[in-house]
Every structure is written in structure tokens, then in C-alpha cells.
Amino acid sequence: MSNFYLDNPSLKHHLHHPLMKRIVELKERNYTEAATYDYAPVDFADAMDSYEKVLEIAGEIIGEVVAPHAEEVDAQGPKVVNNRVEYAPGTVENLKATTQAGLMGLSMPRRYNGLNFPMVAFIMASDMAARADAGFCNLWALQDCAETLYEFGDEAQRQQYLPRVCAGATMSMDLTEPDAGSDLQAVMLKATEDPENGCWRLNGVKRFITNGDSDIHLVLARSEEGTKDGRGLSMFIYDKRDGGVNVRRIENKLGIKGSPTCELTYKNAKAYLCGSRRLGLIRYVMALMNGARLGITAQATGLSEAAYREALAYAKDRKQFGKAIIEFPAVYEMIANIKAKLDASRSILYETARFVDIYKILEDIEKERKLDEVEKAELKKYKKLADAFTPLGKAMNTEYANQNTYDCIQIHGGSGFMKDYPCERLYRDARITNIYEGTTQLQVIAAIRHVLTGTYLLQMREYQSETLRPELDGLKARLARLVEIYEQLVLSVADTKDNECIDFQSRRLVECAGHIIMGYLLLLDADRHYEAFIRSAEVYVSYGEAEVHKIQHFIRNFNPDSLEFYKQA
Amino acid sequence: MSLKIIVLAKQVPDTRNVGKDAMKEDGTVNRAALPAIFNPEDLNALEQALRLKEQHPGSTVTLLTMGPPRAADIIREGLFRGADNGYLLTDRAFAGADTLATSYALSMAIRKIGAFDLILSGRQAIDGDTAQVGPQVAEKLSIPQITYAEDIQSVANGRITVKRRLERGVEIAGGKLPLLVTVNGSAAACRPRNARLIQKYKYAQTPSEKQASADDYPLLSDARRACLTLNEWSAAHVGADVEQCGLSGSPTKVKKIESVVFQAKENKTLDASDAQIEALVVELITNHTIG
């Protein structure tokens, strides 16, 4: 009997963050829905209790159903039969169990049969799912597309599609094409208006579409003939029941093998415009991607959790030279680092989710009524923070998931290289996280803006100004010194006023910001639960400190003229 | 056609995860060491009921359980999975009941609940393993019964078709409603608890739980939600003759309970001859080790 919520107390710790009070009262509109829906909460404690109980169900299904299927699903994978995807049998059972438990449409409003849960709770389910099976986590997390449909679709579309998602209909976002990967402005899939039938028709090819045979698709297509850039793209809704989209093949991948990655052909497929023309990429897909990036950040965190547990269990069990290998400094240091990176990852994940929650809920409330001045300021503040933390968290956590699963294999030694232990699957599954939904290199491009404009610095000062328990003074002072170094480094790079130089150093600067912010977040965690987090806080600050000094050394000694040496002749 | 379905369920100690402290020194079950759970085969029965409810809109699934006050957990668990309501039969007079007294009390409660089309129960409970209560309830209500069901294949025109799982194969049996079916563990597993239902019913309590609880929540929720009181019946509520209930109504007397620990005390060496192997097989069958 394993329950992935109950056996992991750090989830409860993050669920009960002080900011939740504000998030829940906004999300529940001051608990007014209890009069209409018998499952709506009557107050804050009731809402939190509901999140816990539902996460307990999710944890049970993930622990009892999804996790035991993971190995078999990885080996079998999905198939294409008559242009349709057939999931592995384990995947089918996973989806059935999650749907029956009413866990689909977790974050949708109750009027569409959702549970109206905040992003924090939804992300927590993704975090647990990824620990069990990262491939299944994708199918689960794609229900987040409903968020975009809710935000930008019209009321008729919401009523048509959202209850279906809550009843278990799966979703996909059809964005990339053979010649449009990171550069989505190059999307060519053609959308033509069909006024006679009151719809649009889609023709062309999409590639690398996760869960591409889903029930409801959001499709990015070129609606404005003759255009070449992002402003000619619109977003469409395609319903599989209408037909017209076939799966030509599924990719044979290194990891997340349970999640079908499809090549799709559109032949005059009926589709409906979602939102306004021309805003497909520049507005809607950007929103969609931000949600998806948070999802991948959760996926990476779940993978790190699995890596930590596997590494720890093996190191305690495996005996060499007459003792358990965890007793050797070389091994326990690796495990301590995995744990510290895991805890730091989870802290930034939920910090980001909270920022996203507040601004998204306020934006939603803004559709119902005017916001007051305080709320407007709140919306602005958290939107900016969400915008800054989303790429930072994705970059840091996905790189850590790779490092942690790599170290997990290392701890297993020769056995880790064999197919006998889950660590090799974790390693393969983690490898995609820092590639899809924007590579780490692209996250850095999104994050560097907030390095240069001072969003991160301001937030670091905010953390520094918190009053924490005195035992943490030492770590806090060390972080304060790192902030000074960071500030100087940013100034020195910005002062070059040379864009190529700034681009060249940007990953280093973003990493510094990541180390410092994640260090502070662990301090705040240790302030709330000292015993549970002090080890990771100590280990992570020491690790981050060494990394920041390394970066400082590199940037200080860097001569812009030496850029030439980095270019291949 | 909509159906009125009653599911009999029992709260049992989880004997599947028995540790070394499962038995006390005196050989009785150490209930404190074993978590109380929904009897597994009763969950299979509940799933069959919920499937019928889906196939026959307007149907209701009512749980009935007998046990101590904490057996209210069984009713809540059933509601979380999709049952419509439930009754907890609890009274000191029921304590110490064997299968006869239990089936008497349950049958009285069923009469009180009123008209029904179908009663479902698990084949047997994992604590007593008697498989008697279901059949006895049917007898007391003078209705037919089908035991060892693996799948209820259809209910139509007042008739039921059931696939039975027997020792040496399967059998398709039919019967006329109203009727009682006991369900095997080989039937489909019960669906998970549902997120909406758990939020709806989490504060549902029996009147005695409400009295015992210092928590304000039930009171607060009561004002907004009427559905949160679980039905609780005593022997008097169901008009049961106290003499036929509990210990006094139970002809079964437990003389002695022994904690049997299997130990190898002797060994035998056989050669590989057919005669010796055959002799061993005969011996094992004779002393009921196998067969």
C-alpha cells in the first residue's frame, strides 16, 4: 500500500504555505459557491481539508495504480493502429482510475463540473504523477490546456468542451511542425475559413505532438494568407469526433515512452477559432506555454523525488567493503546533494505556482467585476513574479532532474547501467524535460530580462527582509553576501552594453539568480519546519555559494575579445 | 427500470497485513494492531451495485452495516465511492453476534428499509470466513439467492443473469427479483473514492458521532447541507427481539482459540521412486494438507 501524498510530508508542507489563505479566498470568491454546490467549501479550513483529501485520493491512485504500471508501460509504449493511437494497457487503466476518481478538470470552475482547485493543488498532483511515471504525467498535465480554452474561448465553447475534459476527455496542444520547433513563428499549417459550415478547415502537418490523438486539440495554424510571422497565426479547437486528423506515426523516443509523440496530418479537418484571429501565437500560445512550462517544472521535480528515493534505498541496502555504501563520504555527499536540489526544486515550483495562482485568479475575477486598487497592484506584482519565476524554475529544476537521475545511476554503480532498476528509466525520462516546452537555453532568454531589469534582485531583497528564526542567521548572512556578488556581476555584464557579451554570460547570471533564490526559499522552508529542511538548506547554500563564486571568477576574468575563441573556425 | 439495491458491508480488521502482534497472548485478535477496513469482497459487491446503478438510471444504492459506532466509516467510504445512502445498525445488544444473530438483525433492518429489488453482499468477510451471513439473510427474507457471483450480466424484466465463479469453472445462473447475490473477490475491483463525493460527504456523521465530536464543523455544515446525517439504528429501531440478537441469540459458542504456529518437527527422506512419491501424496491427502 503506497500513497504518494501521505508518504511525502514535504507536499503537505508546501500545500500549507501562508500565502494559501489569500489564494483560496480569491479562488473561492469568499466561499460563496457553497450555497450552490454541495462539494464547495464553506471556509478556508474546509477548502484546505478538501485539497488534502483529494490529493490523498490522487496519491493513492498514483501509488497503487500508476506506479506499478510504469515499468510495463515504458517497455510496451503506445502503438498506431489504423491511424489512431492505442495506449499501452497500463496507461488505459491509469486514465480510467484517475477519471473515475473525478480528478480530471481539477482546476476548472465548478459550473463546468470542475473542482475549482488552485494551480498549487493541480501541480502537486503532477509532481506526484511524475514520481510514478513521467510519461503518464504528460497525459495528466495536458488537461491544463483546458485552462487556455477557459481563458480565451467564448462561453459556448467553454460549455461545449470543458465538461468533457472534466469527464475525462484528453487534450493536446498542436504547435510544432517539421520546420517550426523553437521558432513557432514559422508555423505553416493552413487554416481556411469555411463560411458555409460556420467553421474553419485545417490542412497540413504537425510533428512532435504529445498525446496527438487526444479528444480535444488546441491547434496553432496560419489563418492569414501571405503572412510569414507570428502575427498571422490563430488558435483553433479541433474535436476528434469531427475527424480529419490522422496519426501518421509515433516517434521512437529515448524516454517518456508511455506518452505518444505523434506526427499528425490534417486533411480538411473541421476546426473552430478560439479567441481572436492573429493572437494565436503572440497571446494564447504564450499563455499556454507558461502553463506547460510550470507543468514540466513539476515533472522534473517528481523525477528528482523518484531519483532521490531510489538512490537512498540502494545506498542503504548495498554493502561493499563490509558496510552500506551510504556510509562512504563520496556516496552520502551525492545523496545529500540530490536531496538538496530536490528540496530546492520543490520550493521554487510551489513558489511559482502560488504566484501564477494569484495573478490568474485576479485576472479571472477582473472578468466579473472591477478590481480595487489593492487588487490591481497585487495582480501586477504577481504577474511579473510569475513571468520571472516560470522560466527560472523550469531551467533550474529540469537541469537538476538530469543531474539527480544521472547521480542516481552512479550510486547504483554497474547495476544502474542495467535495465533491472528503475533508475535507468528515470534518467531517460528526465532527458526531455530540459528540451521540450522551450529548452533551457530559451528559458535563459526569457529569464535574463528579469536579471537585467531587477525583478529577481527585488525578490531576493524581499526574502532577505523576512524575520526568520535566529538559528538561520548564519545562512541568511551568507546569502546576503551572494546577493551583493550577484548585483555586481549583473552590473558589470550590463555595463558592457554589448548584446553578444550579455547573451554569452546570460546563462551564468540566470543560474546565480536561481541559486540565491532557491537558497532563500529553503531558508523560508526551514523557518517553518526546521528539522525537515535544515539539512537541505545548509547543503544547498554551500553548493550554491561555490557555484556563484565559480561564476564570479569566470565573469571577472572574462575578456570580451576572447569570444572569438568560442567560435568554430 | 430503476432498481433499489441494498449492499451489505462489514468493517473488518485487515487480516491481509498480519504482523507478529496480530494475536494477543490469549489467542484473541489484537484489533488495535490491525486497521479496520471495508471487507474486500463487500467492495466487489458495491462495485456491482454501482455498475447496475449506471446502467439503470434512477436506481439507488443503499449500504447497510452492523457494527460498533466507528463502523460509520464503512458508510462514508461507500458514499465516497458512489452509494446514495446508508444505515449503521449499532447497539450493545448486537455485540457478540454469530452469523445467525447477525443475519437476523440485518434482515430486520432490511424489512425496516422497505421494498428492494436486489441485495448484494460479499461472499464472505476476511475475519470470520464463514460465507454464511448472505445466504442466511436471504433465507430469513424468504427470497432466492445466487452465491459466488463474479459478474452481474444483466437485469431486465424482473430477472437477473449472473456469472458464478465456481471451483471448477463458471456457471451462468438466472433468477427472479427480488433476490440476494453474494459476490466473489474475482469480480471487478471497486472504483476509487471520488473527489467530488469525498468533499460532499466528508463531514457526514451519525448522531452519536456528532454528540461525541467536539468539532464545530458538522454543526457549521449542517446549516448548509442536510445530507450529512448518517442513519443510525438500534435494535429497537428495527423492531428486533433482543433475545435473538448478539450473544444471547448466538448458538455458536467459542470454546477455545489457539494461536497455531507451524513448526517443522520431523523430516522424512524419500527416494525418487514412484511408489514413495505416491505414498506421500496419499498421506498428504489423508491428513488434509492438500486436496
Query raised in the report: Taking the range B:231-249 only, how many residues are in contact with a Ser or Thr (Cβ under 8 Å, 6 or more places away or on another chain) and within 9 Å of B:Ala93 (Cβ to Cβ)?
Result: 2
Report task. Of all residues in the range B:159-182, count the ones that are of a type in the set (A, V, I, L, M, F, W, C) and crowded, with 19+ Cβ neighbours inside 10 Å. Result -> 5
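Select, from B:Gly185, B:Gly291, B:Gly239, the only residue that is away from chain A (no Cβ under 14 Å), exposed (fewer than 15 other Cβ atoms within 10 Å of the Cβ) and either under 30 Å from A:Glu93 (Cβ atoms) or at pLDDT 90 or above (or both).
On the way: B:Gly185 fails: exposed (fewer than 15 other Cβ atoms within 10 Å of the Cβ); B:Gly291 fails: either under 30 Å from A:Glu93 (Cβ atoms) or at pLDDT 90 or above (or both).
That would be B:Gly239, the only listed residue that is away from chain A (no Cβ under 14 Å), exposed (fewer than 15 other Cβ atoms within 10 Å of the Cβ) and either under 30 Å from A:Glu93 (Cβ atoms) or at pLDDT 90 or above (or both).
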Query - Pairs with Cβ under 8 Å, 6+ apart, first in the range B:117-130 and under 23 Å from B:Arg31 (Cα atoms), second assigned to a strand (DSSP E or B) and modelled with pLDDT under 95 - result: B:Ala125/B:Val12; B:Ile126/B:Val12; B:Asp127/B:Val12; B:Asp127/B:Pro13; B:Asp127/B:Val29
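Please give the helices (runs of 4 or more DSSP H) falling wholly within the range B:16-132 in which 1 or more residues are over 29 Å from A:Thr99 (Cα atoms).
Details: elements: B:40-55, B:72-81, B:99-113.
Counting at least 1 such residues, we get B:99-113.
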Query raised in the report: Considering the range A:172-188 alone, what residues qualify as being surrounded by fewer than 23 Cβ atoms within 10 Å (Cβ to Cβ) and either in contact (Cβ under 8 Å) with a residue 12 or more places away in the chain or assigned to a helix (DSSP H, G or I) (or both)?
Result: A:Thr176, A:Glu177, A:Pro178, A:Gly181, A:Ser182, A:Leu184, A:Gln185, A:Ala186, A:Met188
Report task. Pairs only if they're at least six apart or on different chains, beta carbon under 6 angstrom, first in the range A:93-108 and more than 8 Å from chain B (Cβ to nearest Cβ), second surrounded by fewer than 19 Cβ atoms within 10 Å (Cβ to Cβ); list them, first residue then second. Result -> A:Thr99/A:Gly168; A:Met104/A:Gly168
Query raised in the report: In the range A:387-405, is there at least one residue being under 25 Å from A:Glu72 (Cβ atoms), touching a Ser or Thr at 6+ places or on another chain (Cβ under 6 Å) and not acidic (Asp, Glu)?
Result: yes
Query raised in the report: Residues in the range A:399-408: is at least one among the acidic types (Asp, Glu), outside the structural domain of A:Ala180 (by TED's automatic domain parsing), touching a residue at least 24 places away in the same chain (Cβ under 8 Å) and under 30 Å from A:Pro68 (Cα atoms)?
Result: yes
Query raised in the report: Does the range A:66-88 hold any residues that are surrounded by 21 or more Cβ atoms within 10 Å (Cβ to Cβ) and either under 22 Å from the mean Cα position of the chain (by Cα) or in a helix (DSSP H, G or I) (or both), and which are they?
Result: A:Val66, A:Ala67, A:His69, A:Ala70, A:Val73, A:Asp74
**Report entry** Given (1) surrounded by fewer than 20 Cβ atoms within 10 Å (Cβ to Cβ); (2) modelled with pLDDT of 95 or more, number of the condition A:Leu385 does not satisfy
**Finding:** (1)
Report task. Check A:Ala129, A:Ala156 and return the single one that is more than 14 Å from chain B (Cβ to nearest Cβ), more than 30 Å from A:Glu368 (Cβ to Cβ) and hydrophobic (A, V, I, L, M, F, W, C). Result -> A:Ala129
Report summary line: The number of residues in the range A:92-109 that are in contact with a Gly (Cβ under 7 Å, 6 or more places away or on another chain) and among the β-branched types (Val, Ile, Thr) is 1
Query - Subset of the range A:465-487 [free of Cβ contacts under 8 Å to residues at least 40 places away in the same chain and of a type outside the set (Ser, Thr, Tyr)] - result: A:Pro470, A:Asp473, A:Gly474, A:Ala477, A:Ala480, A:Arg481, A:Val483, A:Glu484, A:Glu487
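Would you mind stating whether A:Thr176 is touching a Leu at 6+ places or on another chain (Cβ under 9 Å), outside the structural domain of A:Gln100 (by TED's automatic domain parsing) and either within 22 Å of A:Leu95 (Cα to Cα) or not charged (D, E, K, R) (or both)? Walk me through it before giving the result.
Working: touching a Leu at 6+ places or on another chain (Cβ under 9 Å): yes; outside the structural domain of A:Gln100 (by TED's automatic domain parsing): yes; either within 22 Å of A:Leu95 (Cα to Cα) or not charged (D, E, K, R) (or both): yes.
Considered against the rule, which asks whether it is touching a Leu at 6+ places or on another chain (Cβ under 9 Å), outside the structural domain of A:Gln100 (by TED's automatic domain parsing) and either within 22 Å of A:Leu95 (Cα to Cα) or not charged (D, E, K, R) (or both), A:Thr176 comes out as yes.
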Report summary line: The number of residues in the range A:154-210 that are in contact with a Phe, Trp or Tyr (Cβ under 8 Å, 6 or more places away or on another chain) and over 30 Å from A:Cys137 (Cβ atoms) is 7
Query raised in the report: Failed condition for A:Arg535, given (1) over 25 Å from A:Gln441 (Cβ atoms); (2) more than 26 Å from the chain's Cα centre (by Cα), with all others met?
Result: (2)
Report summary line: Per the filter on the range A:1-42, residues part of a helix (DSSP H, G or I) and under 14 Å from A:Ser347 (Cα atoms) are A:Pro9, A:Ser10, A:Leu11, A:Lys12, A:His13, A:His14, A:Leu15
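Any residue at all in the range A:318-329 that is closer than 30 Å to A:Glu437 by Cβ, out of contact with any Pro (no Cβ under 9 Å at 6 or more places or on another chain) and either among the β-branched types (Val, Ile, Thr) or at pLDDT 95 or above (or both)? Can you show your working first?
Quick first cut of the range A:318-329, residues closer than 30 Å to A:Glu437 by Cβ only: none.
Taking every residue of the range A:318-329 in turn, none turns out to be closer than 30 Å to A:Glu437 by Cβ, out of contact with any Pro (no Cβ under 9 Å at 6 or more places or on another chain) and either among the β-branched types (Val, Ile, Thr) or at pLDDT 95 or above (or both).
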Query raised in the report: Within the bounds of the range A:46-59, is there any residue that is more than 24 Å from A:Cys166 (Cβ to Cβ), free of Cβ contacts under 8 Å to residues at least 60 places away in the same chain and of a type in the set (A, V, I, L, M)?
Result: no
Requested in this report: Return yes when A:Ala45 is surrounded by fewer than 19 Cβ atoms within 10 Å (Cβ to Cβ), of a type in the set (Gly, Ala, Ser) and within 14 Å of chain B (Cβ to nearest Cβ) and no when it is not.
Outcome: yes
Query raised in the report: So, of the residues in the range A:25-37 that are closer than 11 Å to A:Arg110 by Cα and surrounded by fewer than 17 Cβ atoms within 10 Å (Cβ to Cβ), which turns out to be nearest to the other protein chains (Cβ to nearest Cβ)?
Result: A:Tyr37
Report task. For residues that are surrounded by fewer than 24 Cβ atoms within 10 Å (Cβ to Cβ), out of contact with any strand residue (DSSP E or B) (no Cβ under 9 Å at 6 or more places or on another chain) and either among the small types (Gly, Ala, Ser) or assigned to a helix (DSSP H, G or I) (or both), tally how many sit in the range A:112-156. Result -> 7
Query raised in the report: Taking the range B:244-266 only, how many residues are more than 14 Å from B:Ser103 (Cα to Cα) and either among the acidic types (Asp, Glu) or loosely packed, with under 10 Cβ neighbours inside 10 Å (or both)?
Result: 12
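Give me the residue from the range A:393-424 that is polar (S, T, N, Q) and surrounded by fewer than 20 Cβ atoms within 10 Å (Cβ to Cβ) and, out of that set, farthest from A:Glu310 (Cα to Cα). Before the answer, list the steps.
If we filter the range A:393-424 for residues that are polar (S, T, N, Q), which is where we start, we get A:397-398, A:402-405, A:410, A:415.
If we keep only those that are surrounded by fewer than 20 Cβ atoms within 10 Å (Cβ to Cβ) too, we end up with A:403, A:410, A:415.
Working: A:Gln403: 14, A:Gln410: 11, A:Ser415: 12 Å.
Applying the filter and picking the extreme gives A:Gln403.
The values are calculated or read from the model by the stated rules, or taken from the named source; none is laboratory data. Only a predicted model underlies this, so the values are computations on that prediction, with no experimental measurement involved. Counting neighbours? That spans all protein chains shown, and the Cβs are built from the backbone with ideal geometry, glycine included.
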